[in-house]
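What follows draws every value from the coordinates through simple rules; no lab data is involved. Please read all numbers here as calculations on a predicted model, not as lab measurements. Neighbour counts run over all protein chains shown; Cβ positions are idealised from the backbone, glycine included.
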Amino acid sequence: MVLWRQRRIRSGRSLFAGAVECLLVFSGRHFIDFSPSEFERPQRANVLKDLVLRLLIYKKLEKHRGCVNTVSFNADGNILVSGSDDKRVILWDWETGNAKLTFQSGHVNNVFQAKIIPYSDDDRSLVTCAADGQVRHAQILERGVETKLLAKHQGRAHKLAIEPGSPYIFYTCGEDGLVQHIDLRTAASTELFTCCPVDDSRPYMPFIHLNAITIDPRNTKLFADLVLRLEIYKKLERHRGCVNTVSFNADGNILVSGSDDKRVILWDWETGNAKLTFQSGHVNNVFQAKIMPYSDDRSLVTCAADGQVRQAQILERGVETKLLAKHQGRAHKLAIEPGSPYIFYTCGEDGLVQHIDLRTAASTELFTCCPVDDSRAYMPFIHLNAITIDPRNPNLFAVAGSDEYTRLYDIRKYKWDGSTDFGQPTDYFCPPHLIGGDQVGITGLAFSDQSELLVSYNDEFIYLFTRDMGLGPNPIPSSPLSACSEASDISLDHSATDANEKAIPQVYKGHRNCKTVKGVNFFGPKADYVVSGSDCGRIFIWKKKGGELIRVMEADKYVVNCIESHPHTTVLASSGIESDIKIWTPKAIDKPTLPANVEQFKPKPGGWMYGLMTPQDMLLHLLEMQGSPEFNESIAGRELLEFLLAFNANSDASSDVAFNANSDASSDGGNASGPEDLFS
């Protein structure tokens, strides 16, 4: 039996951009752990065949006293669980070869399958089935391991299948032909059916002896049920200001966050523990923090409101940060080249896009993003809020900001000797009714694995573009279309387009995006869902196809800015004005209903909130307007005051100006966190 460890494989991306780390087989009384030990982490694609040819035995895991019938990784891939004819279950640290835990399964015959339940409080819940027909639940407690009987088959129970992403639901099958559904919340087993032959030609076989069962992990109907059961799993509380960025590492077992307190925290999100806390070296609010892939999670890059782009390296003696590049104005976002441990891009409010290579610590100023024509003399460049890279073609990246266009660039057209002007995009994207309008901007971008592009507008809606919806390299500005100036008039059916016209982008509506710079993201195994935060403090989830709003979740008292999808499973991380991070998993028993009239929101482009991208901006605007009786008496005025009070309460410890010893130490481009910052 062969099992691939898939933590570092990304389908549809730069295929096998890092090494496939191991392959396991088992035979007889021990495991043989194969890994490409002659071959250290190739950096690019098309290496699978070479890796397979280089497989060698890495380790033998020897502790069972009988045939080993089952091996299975946990969700993070760092623990292997095995079961044997000796009726024992063992949890292994397969990389070191050590047995972390050995216990009696409670079965009275050979263990045929053992699996760790996902999101089970640090891998403390397992389910097993065996030749005695029993299906059992094992819970790892402080005082030891407790097992209990959940269900029984008449005859051997060979296999079980856990519902993808669920910490409660799984199915079993046995030689009695019975398929059972088991819910760990109630310990209830439901006999679904007995599998029978297709006709009466086999009277000697009243039922089918079942040996195997599996669940389609990409079944959208199954995932839809999981989406409807999302609820808060944990709150991660350590920051002392608004949390502006959350991001998972490639394996999905670590979450990194950055905040107005200028600190970066690495979390074990399943336990809720902060693994590492350190000062970022920035002198203003941290806007984005990401872990570089294939760096053993020891290399991070950050950007912030001080315009700085920095690298943090986690060393044995502590964390060292250094300045890599600088923007004139705030640097909102960075984008890492898929599969690369070295290359990433940044954008800032100065309109500048930079390419950075960590091998040389060199930053290359690619271009400054300018308006499409001279009709906006007041805007010499585009204030960029978002940048993203196409995972299917890392040569393509998109940027967007203070006008209506998303611009797509091809890095292959850049001449590294600076001999050509690289500022011309290869394509532009914009909904037809917004072309020529000067009252909207873009706050968030995201590419799917299918190269679809999500664009989130402030004071407007979210749109989904496919490559055939581009306007070309030279869009012609025009006045907004009078016939369809409302986004609600746009057809939601991609097929409902004239053969001679461009396809119309899918629209997603119901949320509010007026107060802050909000991201947008895809969710689900095939990016079947779209997720966004909102000014109303909720998370909104739509079906990608058709734009149907299916879920609204209360997530912040004020505003939700960041939504991050787990790279492998049904988990969301969210953050906003409050100083905590919320982890969402599908553990709710009851399915919620949508709030009434939630989709009736219609934005008013050009309102007084336009252009106020951060709470600091709003505070300045409030000071200018506070003498106005109309403003003081308006609902909007009262809402803004409440919002700013909440922001200030969370940000007392992280004001925008920090002229102290720490800022002086970091202004020279280098910073080393002291021991008090680490693991505190």
**Study point:** Vicinal HN-Hα couplings computed from phi for the range 203-218 (Karplus, 6.51 cos²θ - 1.76 cosθ + 1.60; Hz; Gly/Pro x)
**Key:** x, 6, 10, x, 8, 8, 6, 8, 10, 8, 8, 8, 10, 6, x, 10
Review point. Simple spin-label model, 7 Å along Cα-to-Cβ: L53 to S201 in nm?
Key: 4.7
Point to revise | Rounded to whole Hz, the Karplus (6.51, -1.76, 1.60) HN-Hα couplings of the range 84-94, x for glycine and proline | key: 8, 5, 7, 6, 9, 10, 10, 9, 10, 8, 5
Exercise for review: Would you please put 375-387, 50-62 in order of how densely packed they are, using the mean number of other Cβ atoms within 10 angstrom per residue and starting with the highest?
Suggested key: 375-387, 50-62
Review point. Gain in length, R359 to K322, computed as 0.36 nm per residue apart minus the alpha-carbon separation, to one decimal in nm?
Key: 12.0 nm
Check your understanding: Check A386: other-chain or 5+ apart residues with amide H under 5 Å from its amide H, H built from backbone geometry?
Key -> A400
Review point. Fully extended, how many nm does the chain gain between R65 and R298 (0.36 nm per residue separation, minus their Cα-Cα distance)?
Key: 80.0 nm
**Study point:** Cα centroid separation, the range 155-172 to the range 547-572 (Å)
**Key:** 27
Check your understanding: Taking amide H positions as placed 1.01 Å from N in the peptide plane, with prolines and chain starts having none, which residues 5 or more places from I442, or on another chain, fall under 5 Å of its amide H?
Key -> G401, S402, D403, N458
Review point. Among the lysines, which have Cα under 21 Å from the Cα of K100 when same-chain residues fewer than 8 positions away are ignored?
Key: K59, K60, K63, K87, K115, K275
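Of the listed pairs K159/K544; K234/K326; K509/K591; K413/K545, which have alpha-carbon separations greater than 30 Å here?
Correct reply: K159/K544; K234/K326; K413/K545.
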Check your understanding: For Y58, which sequence-distant residues (separation of 5 or more, or a different chain) have an amide H within less than 5 Å of its own amide H, given hydrogens modelled in the peptide plane?
Key -> D33, F34, S35
**Study point:** Euclidean distance of C-alpha centroids, the range 276-333 and the range 106-126, integer Å
**Key:** 40
**Study point:** Mean Cβ count within 10 Å, highest first, over the residues of peptides 256-262, 368-374
**Key:** 256-262, 368-374
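Pick out, in residue order, every one of the trypsin sites (Lys or Arg not before Pro) in the range 285-363 that is DSSP loop and has at most 16 other C-beta atoms within 10 Å; say none if there are none.
Values: sites: K290, R298, R310, R317, K322, K326, R330, K333, R359; in loops: R298, R317, R330, R359.
Those satisfying the criteria are R298, R317, R359.
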Exercise for review: Grab the Cα-Cα distance for D225 and D374, subtract it from 0.36 nm times how many residues apart they are, and report the gain in nm with one decimal.
Suggested key: 48.6 nm
